[in-house]
Amino acid sequence: MKIIVMDLDGVICDSSHRAHLVPPEDQRHCNEAWHPFVAECVNDAPINAGLTMLNALLCTFPVFIITSRQENFSQQTGQWLEGRICGRQAPEIIYRSNDDHRPPAEFKRHAVRDLRAQGYEILFAIDDDPQIVEMYHHEKIATFQPVTRCSSVVLTP
Ligand SMILES: [Mg+2]
């Protein structure tokens, strides 16, 4: 089955208001250190162009959202998307597990490899994080990168 892979933060969700909650550099490897930052996602403004693109794509192919948000924020994420999705089918969402401390690019690399192992053909991906765009390039996945950025990416050296 042909699918499209998409990101949330920095693509559909404007996280700029929670920039002050990005953990200090020496704690960013720790999953739990990100919880205050992710918990505030309920108050994100939508990035209208990204949301419009998601809704347009949902009319063509299944969309899998792969997000570095932990799965214990799935309810908040689902509520945020509810009412903003108007395609015929809702996107599938793949979350980071609560005990996954890998860097986002490593987590997403394994997620796309898992999808391919299940027989999915990834037509292209959309992500704002340069490290993830580079990883997708190595995985031979065509990728579109918006000019918008998640505040966690802006603050990462
Ligand atoms: Mg992102």
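A compact table of results
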quantity: Subset of segment 125-150 [closer than 18 Å to H29 by Cβ and either away from the ligand (no atom under 13 Å from the Cβ) or not acidic (D, E) (or both)]; calculated: Q131, I132, M135, C150
quantity: Verdict on P146 being at pLDDT below 95 and outside any helix (DSSP H, G or I); calculated: no
quantity: Sole residue being touching a residue at least 24 places away in the same chain (Cβ under 8 Å), not in a helix (DSSP H, G or I) and not hydroxyl-bearing (S, T, Y), chosen from V11, V42, V112; calculated: V11
quantity: Scan of segment 15-27 for residues that are among the charged types (D, E, K, R) and crowded, with 16+ Cβ neighbours inside 10 Å, ordered by number; calculated: R18
quantity: Positions within segment 28-45 being charged (D, E, K, R) and closer than 17 Å to L155 by Cβ, in sequence order; calculated: R28, E40, D44
quantity: Any hit, segment 91-102, residues being touching a residue at least 24 places away in the same chain (Cβ under 8 Å) and touching a Cys at 6+ places or on another chain (Cβ under 7 Å); calculated: yes
quantity: Matching entry among Y136, Y95 (being modelled with pLDDT of 95 or more, among the aromatic types (F, W, Y) and within 12 Å of the chain's Cα centre (by Cα)); calculated: Y95
quantity: Flag if I122 is part of a loop (DSSP other than H, G, I, E, B), more than 13 Å from the ligand (Cβ to nearest atom) and surrounded by 15 or more Cβ atoms within 10 Å (Cβ to Cβ); calculated: no
quantity: Residue list for segment 41-66, filter: in contact with a helix residue (DSSP H, G or I) (Cβ under 7 Å, 6 or more places away or on another chain) and surrounded by 15 or more Cβ atoms within 10 Å (Cβ to Cβ); calculated: C41, D44, V63, F64, I66
quantity: Matching entry among D100, D128 (being closer than 25 Å to W80 by Cα, among the acidic types (D, E) and modelled with pLDDT under 95); calculated: D100
quantity: Matching entry among T60, T52 (being more than 13 Å from the ligand (Cβ to nearest atom), over 18 Å from S151 (Cα atoms) and modelled with pLDDT of 95 or more); calculated: T52
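The values are calculated or read from the model by the stated rules, or taken from the named source; none is laboratory data. All values reported here derive from a predicted model rather than from experimental measurement. Here Cβ is always computed from backbone atoms with ideal geometry, including for glycine, and neighbour counts include all displayed protein chains.
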